[in-house]
Amino acid sequence: MRSMTSVQAALVAAAAVLFAPVAQAQDAREMEFVRGMMESMNQLSVRFNREVCGFILQDDAGNYSSTKASWGGEASCASLPLEAGQRAVSSWHTHAAWGLGYDGEVPSIQDVEGDMRFGVNGWVGTPGGRLWYVDGTTGTMTQACGRDCLPVDPNFYPEEHGPVAETYTLDGLYTRFGRSR
């Protein structure tokens, strides 16, 4: 039996990623709030080459707000703990500035698994200006808006790690990063 070439294997993996189920944000108002906040946070994150993170909160009237932003490093960020009475509906963070060799245009495996462990959905801004929505139950990631919808790192090199799909499953993300579960 002939084995697949690396190009054929990549095409099979890409097809699996491209046809992943699409998760949707629970509330269009949350999306609007997050996008507005991430426009300023992504710009600062790129400028200082540091991740910024926090939680999206929702009050009893359905209004959205954010916890105080926490500043991390080039490839990590730890949100401040929630205060008594706060209810997080999702996490949010940026991926700092573009870096050669770092695939920051998609959520990381740690991003998705962290949201799933914490039991919240997630939002991720990238150096190429993408905004991702992470379903914290299924681990499915969907681009809420594509490249250039948030401020972009002027040094960003498009698609360094290959095409970026509109949606990924957690298994598809493992495949993209060349790791097994």
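Here are some notes:
- Contact annotation: residue pairs with Cβ atoms under 7 Å, 6 or more positions apart or on different chains, pairing a residue in the stretch 96-117 that is within 17 Å of PHE55 (Cβ to Cβ) with a partner that is surrounded by 22 or more Cβ atoms within 10 Å (Cβ to Cβ) and among the aromatic types (Phe, Trp, Tyr), are PRO107/TRP132.
- Residues of the stretch 102-123 that are of a type in the set (A, V, I, L, M, F, W, C) and assigned to a helix (DSSP H, G or I): ILE109, VAL112, MET116, PHE118.
- Per-region count, the stretch 124-162, residues of a type in the set (Ser, Thr, Tyr) and either touching a Cys at 6+ places or on another chain (Cβ under 8 Å) or part of a strand (DSSP E or B) (or both): 2
- Condition check for GLU51: modelled with pLDDT of 95 or more, under 23 Å from LEU173 (Cα atoms) and of a type in the set (D, E, K, R): yes
- Options SER79, SER65, SER70, SER91: the member that is in contact with a strand residue (DSSP E or B) (Cβ under 9 Å, 6 or more places away or on another chain), of a type in the set (S, T, N, Q) and at pLDDT below 95: SER79
- Members of the stretch 148-181 that are surrounded by fewer than 18 Cβ atoms within 10 Å (Cβ to Cβ), within 18 Å of SER45 (Cα to Cα) and within 15 Å of the chain's Cα centre (by Cα): ASP148
- Close pairs from the stretch 163-181: first on the phi < 0 side of the Ramachandran plot and assigned to a helix (DSSP H, G or I), partner surrounded by fewer than 13 Cβ atoms within 10 Å (Cβ to Cβ) and among the charged types (D, E, K, R), Cβ under 6 Å, at least 6 apart: TYR174/ARG181
- Scanning the stretch 51-64 for residues that are of a type outside the set (A, V, I, L, M, F, W, C), in a loop (DSSP other than H, G, I, E, B) and surrounded by fewer than 20 Cβ atoms within 10 Å (Cβ to Cβ) yields ASP59, ASP60, GLY62, ASN63.
- Of the candidates VAL124, VAL134, the single residue that is under 24 Å from GLU113 (Cα atoms), out of contact with any Leu (no Cβ under 8 Å at 6 or more places or on another chain), at pLDDT 95 or above and among the β-branched types (Val, Ile, Thr) is VAL134.
- Filtered by the rule that a residue be over 19 Å from GLY146 (Cβ atoms) and either of a type in the set (Gly, Ala, Ser) or at pLDDT 95 or above (or both), the stretch 98-108 gives GLY99, GLY101.
- Checking each residue in the stretch 95-112 for being surrounded by fewer than 24 Cβ atoms within 10 Å (Cβ to Cβ) and over 10 Å from VAL124 (Cα atoms) picks out ALA97, TRP98, GLY99, LEU100, GLY101, TYR102, ASP103, ILE109, GLN110.
- In the stretch 65-83, of all residues being hydroxyl-bearing (Ser, Thr, Tyr) and not in a loop (DSSP other than H, G, I, E, B), the one that is nearest to GLU30 (Cα to Cα) corresponds to SER65.
The values are calculated or read from the model by the stated rules, or taken from the named source; none is laboratory data. Small disclaimer: the values here were computed from a predicted structure and weren't measured. A quick note on method: Cβ atoms are made from the backbone with ideal geometry, for glycine too, and the neighbour counts reach across all protein chains shown.
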